[in-house]
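**Student:** Dropping a structure here in structure tokens format, bear with me for questions.
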Amino acid sequence: MINSRAPRHPRLIVMFGVTGVVLAIVSIIFDFITNNAIWSSIQQSLSVDQQPISRFISPSEGRIPHPPEPDLRTEVDRPFMEATFHTIVDSFYDIERKYKPTEVCDLWGGTKFIQQLNQSMTSILLPNQDNDGNQKQSKVDSYKLDNVNIFYAEKVSVLINMSMPYKDPSSTPPHFRLEIHGKLNATKYNERMKMTSVANTKGTVLERMGNSVSETNGPVECSEILDYPVMLVDNSIDTWNWWFFLQTILHHYVALGIVQPMIAGKYKSDPMRVLFTTDDHKSKRSFLDAFEFLFSDGRERDSRQIWKVGLNSTTGEKRFCFKKLIWAPKNPIGGRLLVNRRHAMGNCFSSIIYSYAAYLKAAMHIPTLPRPEQPRIVWVGRDTSPDANPSPWQAKRIIANQDEVISYLKDECNKLGIDFIVADFYGIKKDTSFQDQALFVSKANIMIGMHGAGLNMFHFLPFNSVVVEIHRGTNAQYNSRNFVSHVREGAYLSMDATMQG
């Protein structure tokens, strides 16, 4: 361990002051390396490959067969490894057989929360079947609990009207009208779908679509027929901030888990695809590729901005007809489970968050690795250039001599043969793909950085990794602390960058 009085380390300058944070970081690193009791708790699993949780497998098709024996995955003492061949909700139950949450925690972030969501299901339409009990009309079901609302529909159409180009958030969003063949149940529609607090010019695209529903008396003329399950993603998605984006991913992960039995089909020929309602500015970011990897098998056949495809040049309209459609406005589930403040459920274990974290790694083909002889450390950098144009909130977390700090830490780690890498996805690297960013940080076992959205890439590190978060007036932010608590694996360490002078 470096002597705390060693004079060789650079001072870490946070805006106008100086602090000895660098030395403390190095001390912590070497504590982990030299204290076997601490480091032995990190990365104890076998070296085996994970497989993604089977997404859309019909129950009638049975399970995906296990790989040929010997299968070392069966020897890994991790709940999610046993859940990789089941549905999303199956994985929650499998995990809880190993890690049982308390009753209160289960209602918040476990199977009891899922049960309540399932029990809340009701139809928005009046029943209308033929003499044989076959469905003659559209189907629109709602799953609602508190502010969570998930919709599943069959045989519906969406008419899109564009009044002007949707280039950025300041532009007028396209107008979506949901068309159903059948009769609305007025009571259920007003309770579940219509949002009286959302005006026609406010709210998200999918919130406003719920306020614009029309009944049709028969078949409509479709501009495009999509005969496979489709998930609409709301335009409220944040494609720039890791924290809010991962909240959205978790939100859709749970939503798909709820409707998965209805959209299950033949895995190779009938996978679900994604359509975005985002503006051009957000769509430029590679973060949206995550939906391909996580929910559409990366096939890139139909995941696109829905309103941008083949609009009628005269009317500015297009009608999509859907065989099966899923949407869940905004991201209340992600906001419920991934909270960046101290909250009543902050110490809860959550099978949902654990499953989501495992799925992120599995879908990105991030393997479960054996415990290394020594850790690999990733420093999450922050843009210190004038082009960053930081807000006052961001500026207080800028390390003015970051390059000097990184160089020093790298030299000290190299002396012990420890890999030290830097995640600096800004400047010329700002367009680094979602996949490349995730895979890059997943090589590490210890993540270090000032509090910020980038530190939430910790979700991609192997289970039982460590996150060291440096605070300067950001101690009220509990993003990383809560996440580690919810998955019950790994370690969280907080450090204060106390100003001197």
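**Student:** Below 16 Å, Cα to Cα, which lysines can K139 reach? Residues fewer than 8 away in the same chain don't count.
**Tutor:** K139 reaches K155, K183, K188, K323, K324.
**Student:** Here is a further query. Between A186 and S212, take the C-beta separation as r, use R0 = 22 Å, and let me know the FRET efficiency to the nearest 0.05.
**Tutor:** 0.90
**Student:** Still on this structure, I have one more. Based on the Cβ-Cβ distance from K415 to S391, what FRET efficiency comes out when R0 is 45 Å, to the nearest 0.05?
**Tutor:** About 0.75, to the nearest 0.05.
**Student:** Run the reach check for K282 against lysines, Cα to Cα strictly under 16 Å, same-chain hits fewer than 8 apart removed. What comes back?
**Tutor:** Candidates past the 8-residue exclusion: K167, K308, K330, K430.
**Student:** Under a 5 Å amide H to amide H cut-off, with H placed in plane at 1.01 Å, what residues pair with N211 once short-range neighbours are removed?
**Tutor:** M195
**Student:** What are the ³J(HN,Hα) values, in whole Hz, obtained from phi via the Karplus relation 6.51 cos²θ - 1.76 cosθ + 1.60 with θ = phi - 60°, for each residue of the stretch 100-108 in sequence order, with x given for Gly and Pro?
**Tutor:** Along the stretch 100-108, the couplings run 8, x, 5, 4, 5, 5, 5, 5, 7 Hz.
**Student:** Between L126 and Y93, 0.36 nm times their residue separation minus their Cα-Cα distance comes to what?
**Tutor:** Length difference between fully extended and current span is 8.5 nm.
**Student:** Also: What distance in nm separates the two pseudo spin-label positions at W240 and Q116, each 7 Å out from Cα along the beta-carbon direction?
**Tutor:** 3.5 nm
**Student:** In nm, what is the difference between 0.36 nm times the number of residues separating D431 and A491 and their Cα-Cα distance?
**Tutor:** Fully extending the segment from D431 to A491 adds 18.6 nm.
**Student:** Separate question: Of the DSSP beta bridges with both residues in the stretch 148-237, give the percent that are antiparallel, rounding to the nearest 5.
**Tutor:** 60 percent
**Student:** Counting every Cα pair in the stretch 370-464, what percent are over 18 Å apart?
**Tutor:** 49 percent
**Student:** What's the extension gain from E221 to E373 if we count 0.36 nm per residue and subtract their Cα-Cα distance?
**Tutor:** This chain segment gains 48.3 nm when fully extended.
**Student:** So who's got an amide H within less than 5 Å of the one on L125, skipping anything under 5 residues away but keeping other chains? H placed 1.01 Å off N, in plane.
**Tutor:** Hits under the 5 Å cutoff: V140, N185.
Every number in this text was worked out from the coordinates using simple rules, so none of it is lab data. The structure presented is a predicted model; accordingly, all values stated were derived computationally and were not measured. Glycine gets a Cβ as well: all are built from the backbone with ideal geometry, and neighbour counts include every protein chain shown.
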